[in-house]
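Peer 1: Take a look at the following structure, please.
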Amino acid sequence: MRGVILSFIWLSVSVAMGQIDENKVAQFATSYSSTHDLSVEEVTEILSNAKYKQDIIDKMERPAEGTMTWERYRNIFLKEDRIKAGVDFWETNRETLNAVSAESGVPVEVILGIIGVETFYGQRIGSYRVLDALYTLAFGYPKRSSFFKAELANFLELIDHEHLDIYSIKGSYAGAIGFCQFMPSSYQAYAKSFDDDQSVNLMEVNDAIASVANYLAEHRWDEGAPITVEVKDMINPQPVISKYAKPKNTLRYYSDNGYVPSGNISPEMKAALLEFENEDSKEYWFGFWNFYVITRYNHSPMYALAVYQLGQEVKKMYDQKNP
């Protein structure tokens, strides 16, 4: 009888899977079952209800950061409607934001910058079932199959621990969840309850705010330290542009090589010198340690600069409304 049941289930999976590798699905079910309190049949039943989505694969093949100039990328996030939404979000959640910022050391405007870039302050959390997204990428995207199989396993664990509805929870095309768009592994590692409950719900705004700050704090946010400043002058600049956002050289080193920072920051402060291409020009910014910490959320320097600038614009408008 068990063989008949499994044959029926695998037939269901086969019909639904499109371009999914059936053997990999079977291997995953067996492997997951061997280390968790779910039978092979139960794991297989869950996966038989997942749907392959070709448009997810298409989107993974052309991420925005890889195809846009900084000018175009920035213009997506620095629009007036998003800035106003950030101010409204701040006013609505003032007490939570202030409490979380005071505890974590992460400025309110940075928390708002991340939530604003990620989900337009909760307005664009995602339209894909997380199960479908992770299933598609785990078994239909060989380039990163190992990563997404691990995330699928984390998602199954998360559903059990947090008592979430596996078939209804929605997120991004990559399987990110909630206001702050945590992948399941980050959800497990960094999500934090605002009220210190045992459970955390990132579809609930207070927990999402607390979790963004906790993520940055756990990645060693340096309270009160600068994030980034633009290059003010270039005097006979030398080829010293940084390949990565992690700070390596001092501002004095960059100044000696022709890149003069704006602002009044210690010349011994370490930074990365980052180049951003516009349509017809280039911008140069110094990214300090806290800028690098933001890139732990998303490795793109354009993402980190958008988060910073959106947060600054929201703060500016908020301060004008609340003198």
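The values are calculated or read from the model by the stated rules, or taken from the named source; none is laboratory data. Computed from a prediction, not measured in an experiment: that's the story for all the values here. Cβ coordinates were reconstructed from backbone atoms using ideal geometry, including for glycine residues, and neighbour counts include every protein chain displayed.
Peer 1: Can you tell me which residues in segment 154-193 are closer than 17 Å to I20 by Cα and of a type in the set (A, V, I, L, M, F, W, C)?
Peer 2: A174
Peer 1: Okay, moving on. In this structure, is M183 closer than 26 Å to L310 by Cα and at pLDDT below 95?
Peer 2: So M183 does not fit the description; no.
Peer 1: Listed residues E95, E109; which is charged (D, E, K, R) and either touching a residue at least 40 places away in the same chain (Cβ under 8 Å) or surrounded by 15 or more Cβ atoms within 10 Å (Cβ to Cβ) (or both)?
Peer 2: E109
Peer 1: Another question, then. Of the residues that make up segment 213-233, is at least one without any contact (Cβ under 8 Å) to a residue 24 or more places away in the chain and of a type in the set (S, T, N, Q)?
Peer 2: Looking through segment 213-233, none of the residues is without any contact (Cβ under 8 Å) to a residue 24 or more places away in the chain and of a type in the set (S, T, N, Q).
Peer 1: A further question on this structure: Just one of (1) within 26 Å of L112 (Cβ to Cβ); (2) surrounded by fewer than 13 Cβ atoms within 10 Å (Cβ to Cβ); (3) in contact (Cβ under 8 Å) with a residue 12 or more places away in the chain trips up N264, so point out which.
Peer 2: (3)
Peer 1: Pairs please, first residue from segment 183-202 and part of a loop (DSSP other than H, G, I, E, B) and surrounded by fewer than 16 Cβ atoms within 10 Å (Cβ to Cβ), second anywhere and among the acidic types (D, E) and at pLDDT 90 or above, Cβ atoms under 9 Å, 6+ apart in sequence or on different chains.
Peer 2: Pairs that qualify, where the first residue is part of a loop (DSSP other than H, G, I, E, B) and surrounded by fewer than 16 Cβ atoms within 10 Å (Cβ to Cβ) and the partner is among the acidic types (D, E) and at pLDDT 90 or above, are D195/D207; D197/D207; S199/D207.
Peer 1: Of all residues being in contact (Cβ under 8 Å) with a residue 60 or more places away in the chain and aromatic (F, W, Y) in segment 146-182, which is farthest from Q27 (Cα to Cα)? Just the residue, please.
Peer 2: F179
Peer 1: While we're here: Quick test for you: out of N249, N264, N236, N257, pick the one residue that is within 22 Å of E109 (Cα to Cα) and not small (G, A, S).
Peer 2: That would be N264, the only listed residue that is within 22 Å of E109 (Cα to Cα) and not small (G, A, S).
Peer 1: Out of all the residues in segment 66-80, which are of a type outside the set (V, I, T), loosely packed, with under 12 Cβ neighbours inside 10 Å and within 19 Å of the chain's Cα centre (by Cα)?
Peer 2: Hit for segment 66-80 is G66, nothing else.
Peer 1: Also, I was wondering about something else. State all residues of segment 153-174 that are of a type outside the set (D, E, K, R) and either within 16 Å of Y32 (Cβ to Cβ) or more than 20 Å from the chain's Cα centre (by Cα) (or both); if no residue qualifies, say none.
Peer 2: A153, N154, F155, L156, L158, I159, H161, H163, L164, I166, Y167, S168
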